[in-house]
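J.: Got a structure for you, questions after.
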Amino acid sequence: MTHIISPSILAADFANLGAEIEKINASQAEWIHLDIMDGVFVPNISFGFPVIKYIKKHSKKTLDAHLMIVNPDNYIERFGEAGIAYLTVHYEACTHLNRTLQKIRSCGMKAGVAINPHTPVSLLSEIIQDVDLILIMSVNPGFSGQKFIPNTYGKVTQTKELLQQKNANAIIEVDGGIDLTNAPKLYELGANALVAGNTVFMSNDPIDTIRQLKNS
């Protein structure tokens, strides 16, 4: 599978958001990653539907939304209406995860499940065939710029093995502390998509940094 780069817009300069989106449009990145935080599930607040509407209007890329919120079921329809392609909810936030995933798909989106660094991959065993994407958090969710947690490598391997055991097919995405030093190994172990925030937007040449990440 082609290496997918999903720059996290949370790390962009929001005073120049239009220009930041244009950089991504001009790059080899396939997706734009939207970190949606409510200040409850994680200790931070990001942005909501007005900003998503603006990004959708100006972006030429697939929108990949990661919900770090409680009660995600309350907003699934609105994300579908907003033009989100991949909608990822947290295993830890969903009491009835299978129903949530079905609802996402019924709204015309691909369904993703994210797991925190402390959550075992094995807990996804019963829903692995119902997901289109598995997002492995390589930092504790809530803030950009954190250091990559090394045990993520093992979790990528475990996720790939679980997919093979269950004869399932899902994109393996990794989010948090991604840079040019760990991207090659993550791809080698089975990751298909990498989320990069500060590595891209704090770079002197974001377009070239995306190219390097993609070809790691």
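Each value in this text was obtained by applying a stated rule to the coordinates, not by laboratory testing. None of the values given here were measured: they were computed from a predicted structure. Cβ: placed from backbone, ideal geometry, glycine included. Neighbour counts: every protein chain shown.
J.: Let me check against my output: what whole-number percent is the relative contact order of the chain, with C-alpha pairs under 8 Å and at least 6 apart?
T.: Details: 431 pairs, mean separation 48.5, N = 216.
For the chain, the relative contact order is 22 percent.
J.: Next question, about the same structure. Out of residues 5 or more away from residue 146 or on other chains, whose amide H comes under 5 Å of its own, with H placed 1.01 Å from N in the peptide plane?
T.: The list, which skips near neighbours in sequence, is 177.
J.: How many nm separate the modelled label positions at residue 116 and residue 19, each set 7 Å beyond the Cα in the direction of the Cβ?
T.: 3.8 nm
J.: List the lysines whose Cα sits under 28 Å from the Cα of residue 147, skipping any in the same chain fewer than 8 residues away.
T.: Partners within reach: 23, 61, 155, 160, 185, 214.
J.: What net charge is computed for the residues neighbouring residue 58, neighbours being all others with C-beta under 14 Å from the C-beta of residue 58, Lys and Arg scored +1, Asp and Glu -1? The partial results should precede the final answer.
T.: Working: positive: 23, 53, 56, 57, 60, 61; negative: 20, 22.
Residues close to residue 58 contribute a combined charge of +4.
J.: What is the sum of charges around residue 103, taking Lys and Arg as +1, Asp and Glu as -1, for the other residues whose C-beta is under 11 Å from the C-beta of residue 103? Mind dumping the intermediate values first?
T.: Values: positive: 99, 105; negative: 73, 77.
Taking every Cβ under 11 Å from that of residue 103, the sum is 0.
J.: What is the fewest-to-most order of 20, 77, 92 by other Cβ atoms lying within 10 Å of their Cβ?
T.: Numbers: 20 22, 77 13, 92 16.
Lowest to highest Cβ neighbour count: 77, 92, 20.
J.: Would you mind ranking 202, 68, 109 by Cβ crowding within 10 Å, fewest neighbours first?
T.: Numbers: 202 14, 68 25, 109 22.
By the 10 Å Cβ count, ascending: 202, 109, 68.
J.: Calculate one ³J(HN,Hα) per residue across segment 69-85 by plugging θ = phi - 60° into the Karplus curve 6.51 cos²θ - 1.76 cosθ + 1.60, and present them in order as whole Hz with x for glycine and proline.
T.: 9, 7, 6, x, 4, 5, 10, 4, 4, 5, 5, x, 5, 7, x, 5, 8
J.: While we're here: Let a ≥ b ≥ c be the square roots of the eigenvalues of the Cα gyration tensor of segment 4-214; is it rounded (a/c under 1.5), or, if not, prolate (a/b larger than b/c) or oblate? Show your work: numbers first, answer last.
T.: Values: a/c = 1.58, a/b = 1.15, b/c = 1.38.
Note, shape of segment 4-214 comes out oblate.
J.: Counting other beta carbons within 10 Å of each Cβ, put 32, 207 in order, fewest first.
T.: On the way: 32 25, 207 15.
Least crowded to most crowded, the residues run 207, 32.
J.: For segment 4-214, with only Lys/Arg (+1) and Asp/Glu (-1) charged at the beta-carbon, what is the dipole magnitude about the Cα centre, in debye rounded to 20?
T.: Details: 18 positive and 21 negative charges, 57 e Å.
Computed charge dipole of segment 4-214: roughly 280 debye.
J.: Related question: Can you tell me which aspartates and glutamates have their Cα less than 17 Å from the Cα of residue 110? Leave out same-chain residues fewer than eight positions away.
T.: The reachable aspartates and glutamates, counting only those whose Cα sits under 17 Å from residue 110, are 30, 35, 64, 73, 77, 81, 130, 132, 173.
J.: Could you pull out the trypsin sites (Lys or Arg not before Pro) across segment 125-161 that fall in loop regions by DSSP (anything but H, G, I, E, B) with no more than 11 other Cβ atoms inside 10 Å?
T.: On the way: sites: 147, 155, 160; in loops: 147.
Listed in order of number, the matching sites are 147.
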